[in-house]
Amino acid sequence: GLLYGPGELRISGIARFLRRWPLFPVPGDGSYPMFPLRTEDLAAAVAAALERPATAGRTYELGAEVPVRLDDLVDMVAARIGRPRPKVHLPLGLCRVLGAAAEVLSRNPLLFVEQVKAMQAEVRPPDTRAAREDLGFSTPPFAEGLDALVRTWPPPP
């Protein structure tokens, strides 16, 4: 999944990278699916679970029902900041090495070794049926949530 909301570092980090560099490196072929979840929707689900005794001991899956491919996420961010960039797809083996280096060299790396490992695993969409029924869970399509997030960003320097 991809947790996002005001103050997050991942999507805003992608925007910063797109503003600075002429190309955007994408791990693998860019088809890795993510099921984004806004922080406010996570918080609402947790609050609902705490308020309802029937949810004690239950596990809920949360996230968007429709996946967003990594390539599409980068394009969506680029469009919203007016910085479309060509993407360069990098082999996942190289990304593991780059992720390890980023973890050592950066306080807020855009790439992690565990993230690259996850890109090699099978990903299934979250089954949010129980969360919708028990908690009233919902989250907007990513494009809508991204629009709201971008409006919280300060103007670029």
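What to note about this one:
- Condition broken by R16, with the remaining ones in (1) open to solvent by 60 Å² or more (accessible area, probe 1.4 Å); (2) under 27 Å from L135 (Cα atoms) satisfied: (2)
- Residue identified as over 15 Å from R10 (Cα atoms) and either surrounded by 13 or more Cβ atoms within 10 Å (Cβ to Cβ) or over 17 Å from the mean Cα position of the chain (by Cα) (or both) among L73, L110, L149, L90: L90
- Count of residues meeting criterion [buried (at least 18 other Cβ atoms within 10 Å of the Cβ) and not in a helix (DSSP H, G or I)] in region 44-66: 4
- Residue check for L92: aliphatic (A, V, I, L, M), under 22 Å from F24 (Cβ atoms) and in contact with a Gly (Cβ under 9 Å, 6 or more places away or on another chain): yes
- Residue in region 79-86 that is at pLDDT 95 or above, touching a strand residue (DSSP E or B) at 6+ places or on another chain (Cβ under 8 Å) and open to solvent by 50 Å² or more (accessible area, probe 1.4 Å) present: yes
- Only residues that are open to solvent by less than 80 Å² (accessible area, probe 1.4 Å) and out of contact with any Leu (no Cβ under 8 Å at 6 or more places or on another chain) were counted across region 116-137, and they come to 9.
- Close Cβ contacts (under 7 Å, 6 or more residues apart or on different chains) running from residues in region 46-69 that are farther than 18 Å from D127 by Cα to residues that are of a type in the set (S, T, N, Q) comprise R69/S31.
- Qualifying residues in region 33-43 (those that are open to solvent by less than 30 Å² (accessible area, probe 1.4 Å) and not in a helix (DSSP H, G or I)) - the one farthest from E144 (Cα to Cα): M34
- Members of region 1-12 found to be surrounded by fewer than 20 Cβ atoms within 10 Å (Cβ to Cβ) and either assigned to a strand (DSSP E or B) or over 11 Å from the mean Cα position of the chain (by Cα) (or both), listed by number: L2, L3, P6, G7
- Residue within region 24-32 that is open to solvent by 60 Å² or more (accessible area, probe 1.4 Å) and part of a helix (DSSP H, G or I) present: no
The values are calculated or read from the model by the stated rules, or taken from the named source; none is laboratory data. Just so we're clear, the structure is a prediction, and the values are computed from it rather than from any experiment. Methodologically, a virtual Cβ is constructed for each residue, glycine included, from the backbone with ideal geometry; neighbour enumeration extends over all protein chains shown. Each accessible area value is taken on the protein alone, full model and side chains, heavy atoms only, with ligands, DNA and RNA left out. Shrake-Rupley method; radii C 1.70, N 1.55, O 1.52, S 1.80 Å.
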